[in-house]
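Q: Just passing along the structure, written as structure tokens.
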Amino acid sequence: ETGVTQTPRHLVMGMTNKKSLKCEQHLGHNAMYWYKQSAKKPLELMFVYNFKEQTENNSVPSRFSPECPNSSHLFLHLHTLQPEDSALYLCASSRGTEGDYGYTFGSGTRLTVV
Amino acid sequence: DAKTTQPPSMDCAEGRAANLPCNHSTISGNEYVYWYRQIHSQGPQYIIHGLKNNETNEMASLIITEDRKSSTLILPHATLRDTAVYYCIVRSWGSSNTGKLIFGQGTTLQVKP
């Protein structure tokens, strides 16, 4: 248990489905992040939120839609995904986006698109 | 793009020290060296970070060369549970930078009995 909780741990969805990934932290952190890790590839930063505001979108396709209603919760809404979107999706949080702040990662959601 | 170079894999005998090298020849003055590790299919875990002085905590030691172009992470007594992918990351702070962590391929450390 790291303090960052991701649900569900595993998700199988069809290409026409709509699903959401949830991330929750009660560490008092103000910044939250979504990363994608495909098989045999490094982690790719997708989105950055600081004090609920999106500060970075790394050219992520619109079929991935993030939402940050408050500093403790982060969602990733998924719709019309492709099989190549199957990956481990990791959420992280930090006290801020500037300064000597380490990231705390959740355990991830293993997504399979069929 | 990641600013570091690491060997893709290393082996270490259980109970011995594991020394993981990292090259960061283009590091600039305001950039720190961070180490994370990822045990299979889990989220990355913070290990240690430093600027120019050597650092030690309960998990590991970080040795940074005087010119700061390379560093070594030392796990003093490796155990089987230390088998993981180890990432060396250069990260800058400052008001104009989000301070984001950019991961490379890392080094897969296999600790063997």
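The values are calculated or read from the model by the stated rules, or taken from the named source; none is laboratory data. Small disclaimer: the values here were computed from a predicted structure and weren't measured. FYI the Cβ positions are ideal-geometry reconstructions off the backbone, even for glycines, and counts take in every protein chain you see. Each accessible area value is taken on the protein alone, full model and side chains, heavy atoms only, with ligands, DNA and RNA left out. Shrake-Rupley method; radii C 1.70, N 1.55, O 1.52, S 1.80 Å.
Q: Among the listed residues B:Ser25, B:Ser92, B:Ser41, which satisfies the condition of being within 10 Å of chain A (Cβ to nearest Cβ), exposed (fewer than 13 other Cβ atoms within 10 Å of the Cβ) and of a type in the set (S, T, N, Q)? Explain how you work it out, then say what you get.
A: On the way: B:Ser25 fails: within 10 Å of chain A (Cβ to nearest Cβ); B:Ser92 fails: exposed (fewer than 13 other Cβ atoms within 10 Å of the Cβ).
That would be B:Ser41, the only listed residue that is within 10 Å of chain A (Cβ to nearest Cβ), exposed (fewer than 13 other Cβ atoms within 10 Å of the Cβ) and of a type in the set (S, T, N, Q).
Q: Across the range A:79-97, which residue is surrounded by the most Cβ atoms within 10 Å (Cβ to Cβ) among those that are within 7 Å of another protein chain (Cβ to nearest Cβ) and either touching a helix residue (DSSP H, G or I) at 6+ places or on another chain (Cβ under 9 Å) or part of a strand (DSSP E or B) (or both)?
A: Of the range A:79-97, the ones within 7 Å of another protein chain (Cβ to nearest Cβ) are A:88, A:90, A:97.
Checking which are either touching a helix residue (DSSP H, G or I) at 6+ places or on another chain (Cβ under 9 Å) or part of a strand (DSSP E or B) (or both) leaves us with A:88, A:90.
Values: A:Leu88: 19, A:Leu90: 27.
Across the range A:79-97, the extreme among qualifying residues is A:Leu90.
Q: Do we have A:Glu56 as acidic (Asp, Glu), farther than 18 Å from B:Pro44 by Cβ and within 12 Å of another protein chain (Cβ to nearest Cβ) here?
A: Numbers: acidic (Asp, Glu): yes; farther than 18 Å from B:Pro44 by Cβ: yes; within 12 Å of another protein chain (Cβ to nearest Cβ): yes.
Answer is yes for this residue.
Q: Additional query: Which residue is nearest to the other protein chains (Cβ to nearest Cβ), if the candidates are limited to the range B:10-22 and must be out of contact with any helix residue (DSSP H, G or I) (no Cβ under 8 Å at 6 or more places or on another chain) and open to solvent by 80 Å² or more (accessible area, probe 1.4 Å)?
A: Residue satisfying both the conditions and the ranking: B:Asp11.
Q: Starting from the range A:98-111, take each residue that is within 7 Å of chain B (Cβ to nearest Cβ) and list its partners that are of a type in the set (Asp, Glu), counting only C-beta distances under 9 angstrom and pairs at least six apart or across chains.
A: A:Gly106/A:Glu24; A:Ser107/A:Glu1
Q: Quick check on this structure: which one of B:Arg16, B:Arg91, B:Arg68 is at positive phi and in contact (Cβ under 8 Å) with a residue 24 or more places away in the chain?
A: Working: B:Arg16 fails: at positive phi; B:Arg91 fails: at positive phi.
The unique qualifying residue is B:Arg68.
Q: What tally of residues in the range A:1-26 results from selecting those that are assigned to a loop (DSSP other than H, G, I, E, B) and within 13 Å of chain B (Cβ to nearest Cβ)? Give the derivation first.
A: First pass over the range A:1-26, keeping only residues assigned to a loop (DSSP other than H, G, I, E, B): A:1-3, A:8-9, A:14-17, A:26.
When the remaining residues are screened for being within 13 Å of chain B (Cβ to nearest Cβ), the result is A:1-3, A:9.
Of the residues in that region, 4 qualify.
Q: Taking the conditions exactly as written (open to solvent by less than 30 Å² (accessible area, probe 1.4 Å), assigned to a loop (DSSP other than H, G, I, E, B) and more than 14 Å from chain B (Cβ to nearest Cβ)), does A:Leu76 satisfy them or not? Talk me through it step by step, then tell me what you get.
A: Numbers: open to solvent by less than 30 Å² (accessible area, probe 1.4 Å): yes; assigned to a loop (DSSP other than H, G, I, E, B): no; more than 14 Å from chain B (Cβ to nearest Cβ): yes.
Against the criterion (open to solvent by less than 30 Å² (accessible area, probe 1.4 Å), assigned to a loop (DSSP other than H, G, I, E, B) and more than 14 Å from chain B (Cβ to nearest Cβ)), A:Leu76 does not qualify.
Q: Take the range B:49-58 and flag every residue that is at pLDDT 95 or above and either surrounded by 14 or more Cβ atoms within 10 Å (Cβ to Cβ) or facing chain A (nearest Cβ under 10 Å) (or both).
A: Of everything in the range B:49-58, just one residue is at pLDDT 95 or above and either surrounded by 14 or more Cβ atoms within 10 Å (Cβ to Cβ) or facing chain A (nearest Cβ under 10 Å) (or both), namely B:Glu55.
Q: Being closer than 19 Å to A:Tyr33 by Cα and assigned to a loop (DSSP other than H, G, I, E, B), is that true of even one residue in the range B:104-113? Let's see the steps before the verdict.
A: Filtering the range B:104-113 for residues closer than 19 Å to A:Tyr33 by Cα gives B:104.
Among the residues that remain, those that are also assigned to a loop (DSSP other than H, G, I, E, B) are: B:104.
Checking the range B:104-113: at least one residue is closer than 19 Å to A:Tyr33 by Cα and assigned to a loop (DSSP other than H, G, I, E, B).
Q: Test B:Ile102 against the criterion of being over 20 Å from A:Tyr89 (Cα atoms) and not aromatic (Phe, Trp, Tyr), and give yes or no. Write out each step before concluding.
A: On the way: over 20 Å from A:Tyr89 (Cα atoms): no; not aromatic (Phe, Trp, Tyr): yes.
Considered against the rule, which asks whether it is over 20 Å from A:Tyr89 (Cα atoms) and not aromatic (Phe, Trp, Tyr), B:Ile102 comes out as no.
Q: Within the range A:50-72, can one find any residue that is assigned to a strand (DSSP E or B), surrounded by 16 or more Cβ atoms within 10 Å (Cβ to Cβ) and of a type in the set (A, V, I, L, M)?
A: No, because not a single residue in the range A:50-72 is assigned to a strand (DSSP E or B), surrounded by 16 or more Cβ atoms within 10 Å (Cβ to Cβ) and of a type in the set (A, V, I, L, M).
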